[in-house]
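Asker: The structure that follows is given in the form of structure tokens.
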Amino acid sequence: MMRSFLITLSHNRTLRKLLEQTGPGRKVSGRFVAGTTLDDAIRVTEELNAEGFSVSLDSLGESVATEAGARAAAEIYHLLLDRIAAKSLNANVSVKLTGIGLDVSSALGEQVTAEIVEHAARLNNFVRIDMEGTPYTEVTLKLTEHLHGRFPGAVGTVLQAYLYRTNDDTERLLRQGIRIRLCKGAYKEGPEHAFPEKADVDRNYVKLAERMVSSDVYCGMATHDEKMISAVEQFVTQHGIAHDRFEFQMLFGVRRDLQRSLLKRGYRVRVYLPFGTDWYPYFMRRLAERPANVIFILKNLFKS
Ligand code: FDA
């Protein structure tokens, strides 16, 4: 009940305005978000790098409806790439196609994304194209393949273990040497596309993770689920797969204990670090994933 209440609240405009524009709101968002500005993102990246984590930076924003909106969102990524290079940070960027123009027109989305990937390639960096709901799966894969052809190694995407098609998509991307982030999947999908049972999603995640870490392609295992992580650890130990052949990825502020213990055990861990003024829906979705976090947040809200 609490979960669906929080999801409902994530769409509430009044609460959003209130929290996004007030000091206490910005203070609690710091649990899951680096801050509102580019400087905040760079500062927290430096802190995470100092601890031994690599980072993927995500400029928060919902789907944009105009070309100006798409270009403004893309500009933040261009600035980010330059700042990462200037400070030699261990960080890349994650983009959502709908956040940089795909819903305005596919031509605009493709052009804006190509410009970001070209910029990253010039700086020897990397762009991860996040995966959205199933209406975007094929277009995301096709664009990633096209850009990988133009800028080999500078772009990769995400596959979701809850989709039936992901087995085939894994082979399709690995064949081309395209880097994959594997996650369980975060969108509401029907049984025509996705396994309805969590046990099947988990089973598929382990199978796909084993396939990816056995390949020659450097992939990211994105999960906070200790069962998935243990399965990967066991598999790589049994098969003598070196720890630098893949990485674990987790969201900023989620299971920080686990993130640190993986680092200590000699694994690579990349933290997905969101920032920006549009933090409210992202923040509420993280609370909904684990409503116990609400208590932590409320305690902090009333601390001076
Ligand atoms: P699961 O949801 O089963 O949770 C396992 C355990 O993790 C929980 O029992 C709890 O202990 C802990 N946990 C999870 N969320 C928590 C929280 N908010 N606070 C505290 N503990 C928490 N999805 C997508 O569709 N497209 C994408 O591009 C991406 N990108 C992406 C990048 C990265 C780096 C991560 C980590 C995740 C994504 N995702 C994503 C989201 C992903 O699909 C999935 O929805 C979430 O990671 C939750 O699934 P888990 O694998 O963590 O397991």
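Every read-out reported here was derived from the displayed coordinates using simple, explicitly stated rules and does not represent laboratory data. Predicted model only: the values in this text are computed from it and were never measured. All Cβ positions, glycine included, derive from the backbone under ideal geometry; neighbour counts span all protein chains shown.
Asker: For ASN90 and THR22 in one chain, what is 0.36 nm times their gap in residues minus the Cα-Cα distance, to one decimal in nm?
Answerer: Working it through step by step, the gained length comes to 21.3 nm.
Asker: Set the bar at 26 Å for Cα to Cα. Now go through LYS142/LYS188; LYS96/LYS227; LYS96/LYS188; LYS17/LYS142; LYS227/LYS264 and name every pair that lies beyond it.
Answerer: Pairs exceeding 26 Å: LYS96/LYS227; LYS17/LYS142.
Asker: Simple spin-label model, 7 Å along Cα-to-Cβ: ASP225 to ALA186 in nm?
Answerer: Modelled inter-label distance: 1.6 nm.
Asker: Pick from THR134, THR45, THR144: which is most flexible by mean-square fluctuation in a GNM of the chain where alpha carbon atoms under 10 Å apart are linked?
Answerer: The residue that fluctuates most here is THR134.
Asker: Using just the C-alpha positions of segment 125-239 as equal point scatterers, what log10 of I(q)/I(0) does the Debye formula give at each q in 0.11, 0.18 1/Å?
Answerer: -0.33, -0.89
Asker: Per residue of segment 165-178, in order, report the coupling 6.51 cos²θ - 1.76 cosθ + 1.60 (Karplus, θ = phi - 60°) as ³J(HN,Hα) in whole Hz, putting x for Gly and Pro.
Answerer: Here the 3J(HN,Hα) series is 6, 5, 4, 5, 5, 4, 4, 4, 6, 4, 4, 8, x, 8 Hz.
Asker: Considering amide H positions built from the backbone, and no H for Pro or chain starts, which residues 5 or more places from GLN249, or on another chain, come under 5 Å of its amide H?
Answerer: Sorted by chain and number, the residues that satisfy this are MET221, ALA222, THR223, ARG270.
Asker: A further question follows. I need the per residue convex hull volume for segment 69-184, using only the alpha carbons, in cubic angstrom as a whole number.
Answerer: 91
Asker: While we're on this one: Counting GluC sites (Glu not before Pro) as exposed when in a DSSP loop with at most 11 other beta carbons within 10 Å, what is the longest stretch of the chain free of them?
Answerer: 1-191
Asker: Sticking with this structure for a sec: Quick one: Karplus J couplings for segment 263-272, per residue in order, coefficients 6.51, -1.76, 1.60, θ = phi - 60°, nearest Hz, x for Gly and Pro?
Answerer: 4, 4, 7, x, 8, 7, 10, 10, 9, 7
Asker: So for the chain, what are the equivalent ellipsoid semi-axes in whole Å, largest first, each being the square root of 5 times an eigenvalue of the Cα gyration tensor?
Answerer: In descending order, the three semi-axes are 27, 24, 21 Å.
Asker: A further question follows. Which whole-number percent gives the relative contact order of the chain, counting Cα pairs below 8 Å spaced six or more residues apart?
Answerer: 25
Asker: Can you list the trypsin sites (Lys or Arg not before Pro) in segment 46-87 that are in a DSSP coil and have 14 or fewer other beta carbons within 10 angstrom?
Answerer: LYS87
Asker: Once you sort the root eigenvalues of the Cα gyration tensor of segment 1-93 as a ≥ b ≥ c, which label holds: rounded (a/c under 1.5), prolate (a/b larger than b/c) or oblate (the other case)?
Answerer: It is oblate, given that a/c is not under 1.5 and a/b is not larger than b/c.
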